[in-house]
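*Asks:* Pasting a structure below so you can have a look.
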Amino acid sequence: MSEKKRVFSGMRPTGQLHLGHYFGVIANWLDLQAEFNCFFSVVDWHAMTTEYADPWKVQKMVPGLVRDWVSSGIDPEKCVIFQQSAVKEHAELSLLLSMITPLGWLERCPTYKEQREQLAAKDINTMGFLGYPVLMAADILLYFAHAVPVGQDQLPHLELAREIARRFNHLYETDLLIEPQDLLTAEAKLPGLDGRKMSKSYGNAIALSDPIEDILPKVRSMLTDKNRLRKSDPGDPSICNLFPYHKLLTDPAKLPEIEEGCRNASWGCVDCKKVLMESLEAFLTPMQERRAKIDDDTVRDILADGNKRAREFAQRSMAQIRDAIGYDI
Ligand code: TYM
């Protein structure tokens with residue numbers, strides 16, 4: 001492999017990819033894939049931390065995620081697209097890192113506390129769930145990744161990955177593990193239809209593969225400037241939940257008209273939503289056409305090739321890591 005810097009990122013196969021994933025993360029992946037050695041992983045073991053009762057459902061979601069990535073423009077010729085569970089070294093490194101990770105670091109992790117509250121209906125009092133950030137650190141550190149493009153919610157995990165790398169290097173008197181840097185897009189926390197972070201579990205998402213006719217009612221339901229009760233009230237795009245979408249999707253030349261129309265009340269929210277619907281359709285239709293052409297065999301070939309390339313890298317790096325702790329037997 002060439003001497004380009006490495007990028008690692010992953011997504012859980014737990015649902016359809018939505019606009020938050022696209023503008024929060026994929027937009028960065030698209031820029032990075034030309035310049036860096038990129039490893040993009042379908043992290044199906046991570047999905048098991050919450051979906052352990054339905055592993056079959058997780059596996060069924062894997063091809064759809066790969067389809068979403070490729071139809072978004074992620075190029076399997078330029079980057080390594082692979083499935084985490086096909087590269088067993090992730091599990092081995094996770095085990096070794098779990099030996100050196102103090103429990104307090106995991107118990108204090110804000111995402112651990114938040115998720116336990118949000119997923120109160122699920123029994124996630126498991127070692128696997130507590131150890132989620134350790135497995136994530138293993139994913140990243142195994143590829144000696146310099147940079148990790150993610151959304152804002154992943155920052156505490158990245159901080160932990162750096163701390164674990166530091167602790168490993170300190171304990172074993174080495175500089176083998178690289179402390180990874182996070183890379184955020186400007187939309188690292190894209191709001192959903194209701195103004196909370198767009199998320200599959202909140203039911204407030206627009207999926208990249210949603211049929212266009214299903215998107216219209218979603219756009220109609222979008223929260224706008226809550227102080228604007230009547231069309232004759234002037235609005236404020238800077239606090240409107242819909243305006244960020246125009247900035248991402250609508251022809252920039254049209255933005256001043258929309259902004260002005262909202263502020264002087266010559267445009268109503270319905271007009272604004274109509275334009276957004278057109279922008280969404282123009283953005284999603286070509287992607288959905290590409291998606292329809294990616295068949296099961298293509299996905300299988302992409303993963304077979306990616307798994308092989310990831311495995312080759314991971315076997316070499318794991319040998320170096322074992323060597324660093326005197327376990328290269
Ligand atoms: P996951 O599968 O929950 O989400 C995948 C990525 O999408 C980002 N994201 C968003 N960004 C902006 N706005 C939103 N509304 C939004 N919703 C989701 C997430 O921040 C994430 O970057 N722990 C990871 C998966 C993972 C991983 C890794 C990531 C496992 N190992 C190693 C990077 C490196 C997760 O649960 O992502």
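The values are calculated or read from the model by the stated rules, or taken from the named source; none is laboratory data. As the structure is a prediction and not an experimental result, all values here were calculated from the model. All Cβ positions, even for glycine, are placed from backbone atoms using ideal geometry, and neighbour counts span all protein chains on display.
*Asks:* Out of everything in the stretch 58-88 that is acidic (Asp, Glu) and not in a helix (DSSP H, G or I), what residue ends up being nearest to the chain's Cα centre (by Cα)?
*Replies:* By that ranking, first place goes to Asp75.
*Asks:* Return yes or no: is Ser266 more than 24 Å from the chain's Cα centre (by Cα), at pLDDT below 95, part of a helix (DSSP H, G or I) and polar (S, T, N, Q)?
*Replies:* Criteria not met by Ser266.
*Asks:* Of everything in the stretch 200-235, what is within 16 Å of the ligand (Cβ to nearest atom), in contact (Cβ under 8 Å) with a residue 60 or more places away in the chain and hydrophobic (A, V, I, L, M, F, W, C)? Give them in sequence order.
*Replies:* Ala205, Ile206, Ala207, Leu208
*Asks:* Just to check your reading of the model, which residue among Asp194, Asp210, Asp233 is part of a loop (DSSP other than H, G, I, E, B) and surrounded by fewer than 13 Cβ atoms within 10 Å (Cβ to Cβ)?
*Replies:* Checking each option against the conditions leaves just Asp233.
*Asks:* Next question. What are the pairs, 6+ residues apart or on separate chains, where a residue within the stretch 18-38 that is within 12 Å of Asp75 (Cβ to Cβ) has its Cβ under 7 Å from a residue that is near the ligand (Cβ under 8 Å from one of its atoms)?
*Replies:* Taking only residues 6 or more apart or on different chains, the pairs are Trp29/Ser9; Trp29/Pro149; Leu32/Pro149.
*Asks:* Mind checking which residues of the stretch 11-46 are touching a Lys or Arg at 6+ places or on another chain (Cβ under 8 Å) and near the ligand (Cβ under 8 Å from one of its atoms)?
*Replies:* Thr14, His18, Gly20, Gly24, Val43, His46
*Asks:* If you go through the stretch 178-187 one residue at a time, do you hit one that is touching a Lys or Arg at 6+ places or on another chain (Cβ under 7 Å), in the same structural domain as Glu35 (by TED's automatic domain parsing), without any contact (Cβ under 8 Å) to a residue 24 or more places away in the chain and surrounded by fewer than 21 Cβ atoms within 10 Å (Cβ to Cβ)?
*Replies:* yes
*Asks:* Here's another thing I want to ask about it. Which of the residues belonging to the stretch 135-158 are within 11 Å of Arg6 (Cβ to Cβ), touching a strand residue (DSSP E or B) at 6+ places or on another chain (Cβ under 7 Å) and of a type outside the set (Val, Ile, Thr)?
*Replies:* Tyr143, Phe144, Ala145, His146, Ala147
*Asks:* Of the numbered conditions (1) of a type in the set (A, V, I, L, M); (2) surrounded by fewer than 17 Cβ atoms within 10 Å (Cβ to Cβ); (3) out of contact with any Lys or Arg (no Cβ under 7 Å at 6 or more places or on another chain); (4) touching a residue at least 12 places away in the same chain (Cβ under 8 Å), Leu280 satisfies every one except a single condition; which is it?
*Replies:* (2)
*Asks:* If you don't mind, there's one more thing I want to ask. Can you find a residue that is part of a helix (DSSP H, G or I), at pLDDT below 95, within 21 Å of Ala27 (Cβ to Cβ) and hydrophobic (A, V, I, L, M, F, W, C) anywhere in the stretch 280-292?
*Replies:* No; the residues of the stretch 280-292 include none that is part of a helix (DSSP H, G or I), at pLDDT below 95, within 21 Å of Ala27 (Cβ to Cβ) and hydrophobic (A, V, I, L, M, F, W, C).
*Asks:* If you scan the stretch 158-177, which residues turn out to be within 17 Å of Asp323 (Cβ to Cβ) and surrounded by 19 or more Cβ atoms within 10 Å (Cβ to Cβ)?
*Replies:* Those that are within 17 Å of Asp323 (Cβ to Cβ) and surrounded by 19 or more Cβ atoms within 10 Å (Cβ to Cβ): Ala165, Phe168, Leu177.
*Asks:* Then there is this: Going through the stretch 168-199 one residue at a time, which ones are charged (D, E, K, R), within 22 Å of Leu158 (Cα to Cα) and within 11 Å of the ligand (Cβ to nearest atom)?
*Replies:* Hits for the stretch 168-199 are Asp182, Glu187, Lys189, Lys197.
*Asks:* Further question on the same structure: For residues in the stretch 27-57 being assigned to a helix (DSSP H, G or I) and hydroxyl-bearing (Ser, Thr, Tyr), which is farthest from Lys308 (Cα to Cα)?
*Replies:* Ranking the candidates gives Thr50 first.
*Asks:* Hey, does the stretch 59-68 have a residue that's within 14 Å of the ligand (Cβ to nearest atom), surrounded by fewer than 23 Cβ atoms within 10 Å (Cβ to Cβ) and either over 30 Å from Tyr245 (Cβ atoms) or of a type in the set (Phe, Trp, Tyr) (or both)?
*Replies:* no
*Asks:* A follow-up question, please. Going by the structure shown, is Val299 in a helix (DSSP H, G or I), hydrophobic (A, V, I, L, M, F, W, C), surrounded by 16 or more Cβ atoms within 10 Å (Cβ to Cβ) and touching a His at 6+ places or on another chain (Cβ under 9 Å)?
*Replies:* No: the conditions fail for Val299.
*Asks:* So Pro156 ticks every box in (1) near the ligand (Cβ under 9 Å from one of its atoms); (2) touching a Cys at 6+ places or on another chain (Cβ under 8 Å); (3) in contact (Cβ under 8 Å) with a residue 40 or more places away in the chain but one. Which box is left unticked?
*Replies:* So Pro156 meets the others, but not (1).
*Asks:* Something else: Considering only residues of the stretch 244-268 that are closer than 26 Å to Ala188 by Cβ and touching a residue at least 24 places away in the same chain (Cβ under 8 Å), which is surrounded by the most Cβ atoms within 10 Å (Cβ to Cβ)?
*Replies:* Checking each candidate, the answer is Cys262.
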